[in-house]
Amino acid sequence: MDRTEVGMENGRGKRVVVVGAGIVGASLAYHLVGKGANVTLVEAEDIASGVTGSSFAWINTSHPEPDPIAQLRGSAIKEYRRLETQLSGLKIRWTGALSYSVMSSGALPVSGNQASANLVSRSQILDLEPNLKNPPQSALYAAEEGALDAVAVSHALIAGAEACGAKILTQTRVLGFVTQNAKVTGVKTTIGIIDADIVVLAAGTGTTKLTDMLEVPLPIEASPAIFIRYKSQPNLVHTLISSPEMEVRQSSDGALIAAEDYLDDAMENQPAAIALRTAKTIQNELHGVVSIDPEWACVGLRPMPADGIPVIGYLPKVGGVYVCAMHPGITLAAVVGRLASEEIIDDKASSALCPCRPDRFFQA
Ligand SMILES: Cc1cc2nc3c(=O)[nH]c(=O)nc-3n(C[C@H](O)[C@H](O)[C@H](O)COP(=O)(O)OP(=O)(O)OC[C@H]3O[C@@H](n4cnc5c(N)ncnc54)[C@H](O)[C@@H]3O)c2cc1C
């Protein structure tokens, strides 16, 4: 056995290029390097400069039935808890989440698969959120859920990867691939070719442009949503509130974070206008909002597979390319980083990832 073969035993020493330094690529880089891979992370712009930088970032494990990725969602919290013990810079606000929807005459909890969520009464809702002006009769409270600062968490994961030897290349765009005998053996970038045994595409909405070059088109849409950050006073919101009126939480530095649906590109529906309308709604819904000034509002483009199910696994038709494109990427980044790195380095196929395989789009 020569040195290369020894080094590659169990996949260790495998040269893996991860494309994209959003939260998904950051988690992949961290987990891959932890398994002994020789990782290069290539990012066209800056760390978390894609949709990760404008995410509401709720670790939301609930979903209406049927849920093909229930197993993945069900492990999301546990996997973030593990990362918190491994990376001191990775901090999550485990505030719990309060969800409700309104029917004409009253309030009903959101239906769904939320094993860890409890139905709470009006008085319990007011204990959790004393500032709510119009608390519903009941709501679902998922005490174990939380939210994170997706930019800070991406940086923490990448710092963790770098500390274990990963090479991080920002301001470096992948322009194409080097292919030999129907297998990708490297990427062409703005600073030259980088050889690879495996290329992992975690490029968010940029993924399809890359797979198109390989003539393996994936149906992943750029799905817009509005992100808003307000300067406000602390202690207005204690949990995370998801109601028909608003989706809002407060960050550790006191900022109010909100997410809204994207409507269209009319002037009155530009992010700045929606931020002003949402501020009024928040004032109508919460007592004690003395100041609420929009600091930042933008449209974020979520990588949304056509069937809503993440696309995770090896590309068909061409060797050496593993794809990780998904929504909800914040919720799933920790668990997918671990499971995908086990598939790539240990050849250990994950049953939880079975519904996510890219080849489902190419079956006759
Ligand atoms: C308003 C809003 C609210 C949201 N709320 C939630 C939520 O509560 N919970 C949740 O789980 N998810 C939520 N999401 C979705 C979540 O933010 C995304 O699923 C997640 O951030 C996707 O991460 P990513 O790493 O795949 O993509 P990105 O963050 O977009 O990262 C991809 C990176 O790849 C880089 N790239 C692209 N092409 C190339 C190339 N050719 N070469 C090199 N680099 C390249 C890009 O520059 C980018 O940095 C929300 C999104 C929005 C907009």
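The values are calculated or read from the model by the stated rules, or taken from the named source; none is laboratory data. Source: prediction; values computed, not measured. All Cβ positions, even for glycine, are placed from backbone atoms using ideal geometry, and neighbour counts span all protein chains on display.
Observations on the model:
- Top-ranked residue in region 294-339 [being in a helix (DSSP H, G or I) and within 25 Å of PHE177 (Cβ to Cβ); ranked as farthest from the ligand (Cβ to nearest atom)]: LEU339
- The residue pairs whose first member lies in region 161-174 and is without any contact (Cβ under 8 Å) to a residue 24 or more places away in the chain and under 15 Å from VAL199 (Cα atoms), whose second member is part of a strand (DSSP E or B) and within 14 Å of the ligand (Cβ to nearest atom), and whose beta carbons are closer than 9 Å, counting only pairs six or more residues apart or on different chains, do not exist in this structure.
- Failed item, numbered, when THR52 is tested on (1) under 15 Å from the mean Cα position of the chain (by Cα); (2) modelled with pLDDT under 95: (2)
- Test: residue in region 75-85 that is within 15 Å of the ligand (Cβ to nearest atom), part of a loop (DSSP other than H, G, I, E, B) and surrounded by fewer than 22 Cβ atoms within 10 Å (Cβ to Cβ): no
- Subset of region 34-48 [touching a helix residue (DSSP H, G or I) at 6+ places or on another chain (Cβ under 7 Å) and crowded, with 24+ Cβ neighbours inside 10 Å]: ALA37, VAL39, LEU41, ALA48
- Answer residue from region 161-196, given it is within 16 Å of the ligand (Cβ to nearest atom) and touching a helix residue (DSSP H, G or I) at 6+ places or on another chain (Cβ under 6 Å) and is farthest from GLU215 (Cα to Cα) among those: ALA161
- Candidate set from region 51-74 (those that are of a type in the set (Gly, Ala, Ser) and surrounded by fewer than 23 Cβ atoms within 10 Å (Cβ to Cβ)); member that is farthest from THR331 (Cα to Cα): GLY53
- Residue in region 268-284 that is hydroxyl-bearing (Ser, Thr, Tyr) and either under 30 Å from THR179 (Cβ atoms) or outside any strand (DSSP E or B) (or both) present: yes
- Listed here are the strands (runs of 3 or more DSSP E) enclosed by region 200-259 that have at least 3 residues being within 11 Å of the ligand (Cβ to nearest atom): 220-232.
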